[in-house]
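Encoded as structure tokens, the structure appears first; notes follow it.
The values are calculated or read from the model by the stated rules, or taken from the named source; none is laboratory data. A quick note: this is a predicted structure, and the numbers were derived from the prediction, not measured. When we count neighbours, we look across all protein chains shown, and the Cβ atoms used for this are built from the backbone with ideal geometry, even at glycine.
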Amino acid sequence: MNERPNARPSHSARPRPPHRRPWKRAAARLRPALALAALSGLLASLVVLVPTTATAAGPAGADAKDTKAAAACAAAWDAGGVYTNGSTVSHGGHNWQAKWWTRGETPGTTGQWGVWVDQGKCGTGGGDPDPDPADFVVSEAQFEQMFPNRQPFYTYQGLIDALSAYPDFTHTGDETTRKREAAAFLANVSHETGGLVHVVEQNEDNYPHYCDKDQPYGCPAGNDAYYGRGPIQLSWNFNYKAAGEALGLDLLNNPWLVERDPAVAWQTGLWYWNTQKGPGTVTGHQAMTEGHGFGESIRSINGTLECDGGNPTQVKSRVDRYKQFTQLLGTTPGDNLTC
């Protein structure tokens, strides 16, 4: 992932009875008996009414909440995009609406008085808006077949733990679409890391190149601290900042967390795949769920460094791995495989 992207959450008090006047002795003797009888009748009524009322009201309220259909997800938030008053985006399984001009402010992190207003959960393309991450289309056995020589750092459980950050990933569309997306993501991951062998970028000469000093926040971790890490080889200071904000982590000041925590590493890969167009026109997630094809997922990662004749050998390597993984998952690769 070396290409620089284009542009770039009553009890009310019981009233006291009035002061009672003295009554005749006979009436005074009758009053306790009458009061006791009235109290007994009231208690009998409560025994019958309270359980019935509570049973009827409780589930009805819960059902109404649980069965409310989620709205369709708007276009995914882009860290480099410009949004104005009324713009709606999706991020983290929710839709968000902008109150004024904004760029680079992650939905869900700006607070009650910030630019983004939470519009509630959303679901894309018939996908479950809150799916079970354990319902992943790739089993642990298949994961091991895909990456027989992987580094112990890249664990299957780390991937499973990261899935909840982006619930639409592999939960959009029919079973074929879901499997193709999993295969596409993991094929690109395999290419970027040599089969999950490399945790960090191997060419150290590139390390100082990933500090964009034009950004107002600079490179507080050092000019050479934002090299490629993790399954998508996250690079550039602005990508570490945006990914960290989306995930609730300070990756701008501590980019090394991506190479030390497997779940964080997988989360950064899923962040880029699901939310960033990079040098392309769609995200990796959109490429696979909206019919653009595997080739456009390559473009979103490395753009013309590989696409449009930039490096056909690298493109072929990605496509070959994608075909291998779709076959392993029992599905077909679809069309538009190259870029």
statement: Scanning region 160-183 residue by residue, those acidic (Asp, Glu) and closer than 20 Å to Lys121 by Cα turn out to be Asp168
field: Residue within region 228-237 that is of a type in the set (Gly, Ala, Ser), touching a Ser or Thr at 6+ places or on another chain (Cβ under 6 Å) and in the same structural domain as Glu144 (by TED's automatic domain parsing) present
entry: yes
message: Condition first: of a type in the set (Lys, Arg) and surrounded by 21 or more Cβ atoms within 10 Å (Cβ to Cβ). Can you find one or more residues in region 246-260 that meet it?
response: no
- prompt: Do we find a residue being part of a helix (DSSP H, G or I), crowded, with 22+ Cβ neighbours inside 10 Å, modelled with pLDDT of 95 or more and not hydroxyl-bearing (Ser, Thr, Tyr) anywhere in region 195-213?
  reply: no
- request: Just name the residue that is farthest from the chain's Cα centre (by Cα) out of those in region 252-297 that are among the acidic types (Asp, Glu) and more than 17 Å from Asn237 (Cα to Cα).
  value: Glu296
query: Which pairs do you get when a residue that is among the β-branched types (Val, Ile, Thr), found in region 149-164, comes within reach of a residue that is assigned to a loop (DSSP other than H, G, I, E, B), reach meaning Cβ atoms under 9 angstrom, with the pair 6+ apart or on two chains?
result: Ile160/Pro133; Ile160/Ala134; Ile160/Phe136
query: From the residues in region 318-337 that are among the hydroxyl-bearing types (Ser, Thr, Tyr) and in contact with a helix residue (DSSP H, G or I) (Cβ under 6 Å, 6 or more places away or on another chain), which one is surrounded by the fewest Cβ atoms within 10 Å (Cβ to Cβ)?
result: Thr331
field: The one condition in (1) in contact with an Asp or Glu (Cβ under 9 Å, 6 or more places away or on another chain); (2) assigned to a loop (DSSP other than H, G, I, E, B) that Pro220 fails to fulfil
entry: (1)
message: I need every pair where a residue in region 240-257 that is part of a loop (DSSP other than H, G, I, E, B) has its Cβ under 6 Å from the Cβ of a residue that is of a type in the set (Ser, Thr, Tyr), sequence separation at least 6 or different chains.
response: Leu251/Tyr240; Leu252/Tyr240
- prompt: Of all the residues that make up region 147-175, how many are buried (at least 19 other Cβ atoms within 10 Å of the Cβ) and either outside the structural domain of Ser190 (by TED's automatic domain parsing) or β-branched (Val, Ile, Thr) (or both)?
  reply: 2
query: Is there a residue in region 320-338 that is outside the structural domain of Leu163 (by TED's automatic domain parsing), among the acidic types (Asp, Glu) and either modelled with pLDDT under 95 or over 28 Å from Gln157 (Cα atoms) (or both)?
result: yes
query: Would you say Ala263 is assigned to a helix (DSSP H, G or I) and either touching a strand residue (DSSP E or B) at 6+ places or on another chain (Cβ under 9 Å) or modelled with pLDDT of 95 or more (or both)?
result: no
- prompt: Can you tell me which residue in region 290-313 is nearest to Asn188 (Cα to Cα), limited to those that are hydroxyl-bearing (Ser, Thr, Tyr) and surrounded by fewer than 24 Cβ atoms within 10 Å (Cβ to Cβ)?
  reply: Thr313
